[in-house]
Amino acid sequence: MNAEEQEDNAMPETSQAPYATDGTDFKSAVKYHYVTALKRFARYFVIFAPMFILVFVTGIDYLLPLAIVGFVGLLIALIFFWAALSWTWRCSRVLRRYPLEFRGPVETLQMKGNRVRVLTIGEKGADRSPVLAAVDPLSRPGWLKGMEGGVWFAGDEVFGGAALVPGSGQLLFMQPRDWELMSGQREEAGAERLKRAMQAGLKRRAPIR
């Protein structure tokens with residue numbers, strides 16, 4: 001990553017999570033993400049819903065453009081809300097099936113928009129993970145502060161997993177970036193690993209873009 005990319009993807013300041021981030025309390029992290037997504041949606045709902053319903057309440061035709069803006073705003077807010085719930089739910093499925101293990105360091109390779117981060121976990125060599133695409137359910141901008149030293153990881157690297165960032169408590173859903181190229185390793189994983197990955201929702205590729 002060059003200096004310009006590092007500046008563009010600078011880690012934002014993040015507050016300490018209101019729950020344990022030492023790998024002992026993933027349920028609170030999941031709950032926090034659900035609640036945060038709901039609060040975000042509620043803020044936009046309060047803004048756009050009155051704009052949408054005003055034309056129907058008043059019957060004034062020239063308010064129609066305002067109603068259209070309100071409808072589009074609500075639709076976009078709903079899409080982001082659903083995405084946040086969906087990715088948080090995926091993390092929850094993984095965290096309920098695999099134990100959390102501290103892995104580090106994290107090498108950041110690429111940032112795609114606000115949601116997708118491309119990275120590796122672990123020291124170079126046999127302990128290093130494949131290149132992973134990681135999704136932040138809440139679409140926070142930049143690299144997440146506190147993750148460079150390592151994260152709490154749950155999962156099976158050839159299938160993917162979920163991570164909890166120490167300090168900030170942010171969740172990430174991860175899968176191998178080169179999904180197709182690793183199909184042979186998944187096929188050779190064995191019945192027990194395949195079953196566990198299926199139960200955790202990792203058997204199929206998630207729509208990480």
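Does region 31-85 hold any residues that are β-branched (V, I, T), closer than 30 Å to F173 by Cβ and open to solvent by 40 Å² or more (accessible area, probe 1.4 Å), and which are they?
Selection gives V35, V46, I47, V72, I76, I79.
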Checking the structure you have, find out if any residue of region 86-93 is open to solvent by 40 Å² or more (accessible area, probe 1.4 Å) and part of a loop (DSSP other than H, G, I, E, B). no
Please go through region 1-30 and give me each residue that is out of contact with any helix residue (DSSP H, G or I) (no Cβ under 9 Å at 6 or more places or on another chain), open to solvent by 40 Å² or more (accessible area, probe 1.4 Å), assigned to a loop (DSSP other than H, G, I, E, B) and at pLDDT below 90, ordered by number. M1, N2, A10, M11, E13, T14, S15, Q16
Do any residues in region 12-29 that are closer than 16 Å to K145 by Cα have Cβ atoms under 7 Å from those of residues that are polar (S, T, N, Q) and at pLDDT below 90, where the two are at least six apart or on different chains, and which pairs are they? T14/S168; A17/S168
Can you tell me which condition L74 does not meet? The list is (1) out of contact with any Leu (no Cβ under 8 Å at 6 or more places or on another chain); (2) part of a loop (DSSP other than H, G, I, E, B), and all the others hold. (2)
For region 131-139, check the following and say yes or no: at least one residue is farther than 24 Å from V30 by Cα and either open to solvent by 10 Å² or more (accessible area, probe 1.4 Å) or under 12 Å from the mean Cα position of the chain (by Cα) (or both). yes
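The values are calculated or read from the model by the stated rules, or taken from the named source; none is laboratory data. What you are looking at is a predicted structure, and each value in this text was computed from that prediction instead of being measured. For neighbour counting, all protein chains shown are included, and Cβ atoms are generated from backbone atoms with ideal geometry for every residue, glycine included. Heads up: the accessible areas ignore ligands, DNA and RNA and are worked out on the full protein's heavy atoms, side chains in. Shrake-Rupley method; radii C 1.70, N 1.55, O 1.52, S 1.80 Å.
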